[in-house]
Amino acid sequence: MNTSIDRYLNVKIAAMPSISSDGRWLAFISDLTGVPQAWRAPLGGGNIVPMPEQLTFAEDRVLWLLCSPAPGDQRILFTRDRGGDENAHLYLFDPTTGEERCLTAGHDSVMHIPGHWSADGHTLLFAANRAHPAHFGLYRQQLDAGQAELLWQSDEPGLLYDAMPRPAAGRILSSPSFFRPPPPVGGLPRPAAGPAASIRPTAPPATTRRLTAPMAAVSTSSPIWTATAPT
């Protein structure tokens, strides 16, 4: 059987799946209409294949999304950059009303990296390079109102990922990814092994403690707290 190359040139994606807190909806990112956008489809239809519903329609791409973990909360958090500049903004979308709200307006040249969304749906942790293009800080945002609160600012160049709080102990886990100086003969700086770090943002000034020693060619990611983690 002869297969046209056009079939392979028109392959579409479906990525970043997230299930709503009530288990009724599956949100995801797809480029079915050309530019990656946020979609959702109903679950629990038996043998019937559900028809997905497009949620966002902007000219720019959606990079990441997550359904609210709060019971009864249908909101979806997503990120979108502008013109492919990779400076992602954070948006809160309510599929019941179609309302879309930018949480990071006024920071157009800043990269925002989403972290943990609290179980009650009220608070988001994220990292951003607002103070310096190469240095990221850890922020806490009340989603209903107010500006983001800076919890900790890194003095080393590099990114911060996977911010995960442990409210009972007033601490936050994060995975830094620091950058080595550029090699002597051209080329881009390479990401160094970033040790997982524990941050105490509650007592000013915020303090940090590295939990894993820097190791060549070894990285850490997606840290989680155990129920018996020490305080």
Query raised in the report: Among the candidates Glu99, Glu86, which residue alone is without any contact (Cβ under 8 Å) to a residue 60 or more places away in the chain, exposed (fewer than 13 other Cβ atoms within 10 Å of the Cβ) and within 14 Å of the chain's Cα centre (by Cα)?
Result: Glu86
Requested in this report: Looking only at the range 55-62, decide whether some residue is of a type outside the set (Lys, Arg) and not in a loop (DSSP other than H, G, I, E, B).
Outcome: yes
Query raised in the report: From the list Ala58, Ala38, which residue is modelled with pLDDT of 95 or more, out of contact with any Cys (no Cβ under 9 Å at 6 or more places or on another chain), surrounded by fewer than 18 Cβ atoms within 10 Å (Cβ to Cβ) and of a type in the set (Gly, Ala, Ser)?
Result: Ala58
Requested in this report: For Asp73, indicate whether it is out of contact with any Gly (no Cβ under 6 Å at 6 or more places or on another chain) and acidic (Asp, Glu).
Outcome: no
Query raised in the report: How about the range 61-78: which of its residues are under 14 Å from Pro17 (Cα atoms) and buried (at least 19 other Cβ atoms within 10 Å of the Cβ)?
Result: Val62, Leu65, Cys67, Ser68, Ile76, Leu77, Phe78
Query raised in the report: Looking at Asp85, is it touching a Gly at 6+ places or on another chain (Cβ under 8 Å), part of a loop (DSSP other than H, G, I, E, B) and not small (Gly, Ala, Ser)?
Result: no
Query - Among (1) of a type in the set (Gly, Ala, Ser); (2) under 24 Å from Asp22 (Cα atoms); (3) in contact with a Pro (Cβ under 9 Å, 6 or more places away or on another chain); (4) at pLDDT 95 or above, the one test that Ala88 misses - result: (2)
Report task. Specify the residue that is surrounded by the fewest Cβ atoms within 10 Å (Cβ to Cβ); the eligible residues are those in the range 102-111 that are in a loop (DSSP other than H, G, I, E, B) and either touching a Cys at 6+ places or on another chain (Cβ under 7 Å) or of a type in the set (A, V, I, L, M, F, W, C) (or both). Result -> Ala105
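The values are calculated or read from the model by the stated rules, or taken from the named source; none is laboratory data. All values reported here derive from a predicted model rather than from experimental measurement. Virtual Cβ from ideal backbone geometry, glycine too; neighbours counted across all protein chains shown.
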